[in-house]
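Below is one structure, written out as C-alpha cells; the observations come after it.
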Amino acid sequence: MRLGVEITRNPHRLAALCHLWRRQEAEIWLTLEGYSMLPGIPPGSRVRVSFGYYEPSIGEVVAALQGSRLLIHRLVRIDRGSTGTPLYVCQGDANPRPDPPVPAEQLVGIVREHRRPSGITRLHRGIRRLLRHSLVSR
C-alpha cells in the first residue's frame, strides 16, 4: 500500500490511520519514498510494518509519526522525559543527526522486512527524477 498524497498531507488523517492499524495490530506493506535509510533501504523499497504496541529494541527500524509524516527510521536511543516516561529517539541511517524524540504513542510500528526495488522500478524512479530536474531548471 502506498500512502497517498491526500493522506500524508493531512496529519490528522495519517495519525488516525496509523492508530487504527495499531489497534488492529495490522501488518502493512508500504513503499519507502525518502533517502534517509540509505544504503540499507533505498527509495522505492517495500517495507512490511507490524503496527501494534511493542517495546522496540535499540537498533530496530521503526515507524514513528512526526507531524504530517510517517518516518521509517532506526531507533538509536531511549531517553526518559521529565515525567519518567520513555522518549524514543530515531535516526535515518543516512542522516547526520537524530530526529526529535517521540513519546510511545507516536511510535506506531516496527519494520519486520524490506524488499529492495526491482531494476525496472529503479529505472522508472531515475527517469522521473531526471524529468523533474530538467523541468525545474528551465
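Throughout, read-outs are computed from the coordinates displayed, never taken from laboratory work. Bear in mind that the values here come from a model prediction, so they are computed numbers and not experimental data. Using ideal geometry, Cβ is built from the backbone for each residue, glycine included, and neighbour counts are taken over all protein chains shown.
Annotations for the structure displayed:
- Environment charge of Arg74, counting only residues whose C-beta is closer than 11 Å and scoring Lys/Arg +1, Asp/Glu -1: -2
- In the range 5-136, a dipole from Cβ-located charges (positive for Lys and Arg, negative for Asp and Glu) runs towards its positive end, and of Leu71, Val102, Val89 it is Leu71 whose Cα lies farthest in that direction.
- Basic side chains Lys and Arg get +1 at the Cβ, acidic Asp and Glu get -1 at the Cβ, and with that the dipole of the range 5-136 about its Cα centre reaches some 580 debye.
- Applying a DSSP loop filter and a limit of 14 other Cβ atoms within 10 Å to the GluC sites (Glu not before Pro) in the range 1-107 leaves Glu25, Glu60.
- The Cα atoms of the range 5-136 cover 51, 31, 28 Å along the three principal axes, with the biggest extent listed first.
- Per-residue Karplus couplings for the range 23-28, computed as 6.51 cos²θ - 1.76 cosθ + 1.60 with θ equal to phi - 60°, are listed in order as 4, 7, 6, 6, 10, 10 Hz, Gly and Pro entered as x.
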